[in-house]
Amino acid sequence: MNKLIISSLMLVSMITLSVPGQVMHWGDLASIKRELIEDKARAFLLREKPELKNVAVKFVQIDAQIHKNEGPTLNVVFIHANSFKPIEQSELYDELKNSSEIKYCMEFILIFFSKNGEPEKLVVKDVLLSKDIDSSKKGFWDTYNSL
């Protein structure tokens, strides 16, 4: 279980950001309009979760992929200042309620886009932290502040 926690935090900590407003290019192969994608995703997020309107929400990453059988997918990941929570508030609670290893997690919000370029679905994903509140809060704030 601890390996899962460490791996999750390492993945989040290794994310890099592009400069806002910049169009990212890979030669003539591809480009991503980061600011436009982020703005559309953020507007959708705040419509779907109005309780976050006065909460700091940070952009984490854009995932654009092409799957052989499913075609292209695009999603944006955010984290917010209230993402730290006890495991009882997580959708993972039923699986972990008998575990003494995990007591806290942090929430990431994914916004998925349709093939016509519009946000269409919001998904909350929880990343496990640990059973100790101090180390869990530190892991959360280290991650949050690194973005």
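The values are calculated or read from the model by the stated rules, or taken from the named source; none is laboratory data. Keep in mind that this is a model prediction, so the values were computed, not measured. Glycine also receives a Cβ, built like all others from the backbone with ideal geometry; neighbour counts cover every protein chain displayed. Side chains are part of the model used for accessible areas, which takes the heavy atoms of the whole protein and leaves out ligands, DNA and RNA. Shrake-Rupley method; radii C 1.70, N 1.55, O 1.52, S 1.80 Å.
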Pair list, Cβ < 8 Å and 6+ apart or interchain, from the range 76-91 residues that are in a strand (DSSP E or B) to residues that are of a type in the set (S, T, N, Q) and buried (at least 16 other Cβ atoms within 10 Å of the Cβ): VAL76/GLN61; VAL77/GLN61; ILE79/THR143; PHE84/SER136
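So which residues in the range 44-57 are touching a residue at least 12 places away in the same chain (Cβ under 8 Å) and exposed (fewer than 13 other Cβ atoms within 10 Å of the Cβ), if there are any at all?
VAL55, ALA56
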Positions within the range 120-147 being under 18 Å from GLU88 (Cβ atoms), open to solvent by 30 Å² or more (accessible area, probe 1.4 Å) and not in a strand (DSSP E or B), in sequence order: LYS131, ASP132, ILE133, LYS137
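Determine, yes or no, whether LEU9 is in a helix (DSSP H, G or I), closer than 24 Å to GLY139 by Cα, modelled with pLDDT under 90 and not small (Gly, Ala, Ser). Working first, answer last.
Details: in a helix (DSSP H, G or I): yes; closer than 24 Å to GLY139 by Cα: yes; modelled with pLDDT under 90: yes; not small (Gly, Ala, Ser): yes.
Yes, satisfied.
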Residues satisfying the stated conditions in the range 76-90, i.e. under 15 Å from the mean Cα position of the chain (by Cα) and open to solvent by 40 Å² or more (accessible area, probe 1.4 Å): ASN82, PHE84
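Taking the residues in the range 58-75 that are of a type in the set (A, V, I, L, M, F, W, C) and under 17 Å from PRO119 (Cα atoms) as candidates, determine which candidate is surrounded by the fewest Cβ atoms within 10 Å (Cβ to Cβ).
Taking the range 58-75 as the starting set, the residues that turn out to be of a type in the set (A, V, I, L, M, F, W, C) are 59-60, 62, 64, 66, 74.
Cutting the leftovers down to under 17 Å from PRO119 (Cα atoms) gives us 59-60, 62, 64, 74.
Numbers: PHE59: 21, VAL60: 19, ILE62: 20, ALA64: 14, LEU74: 18.
Top of the filtered list is ALA64.
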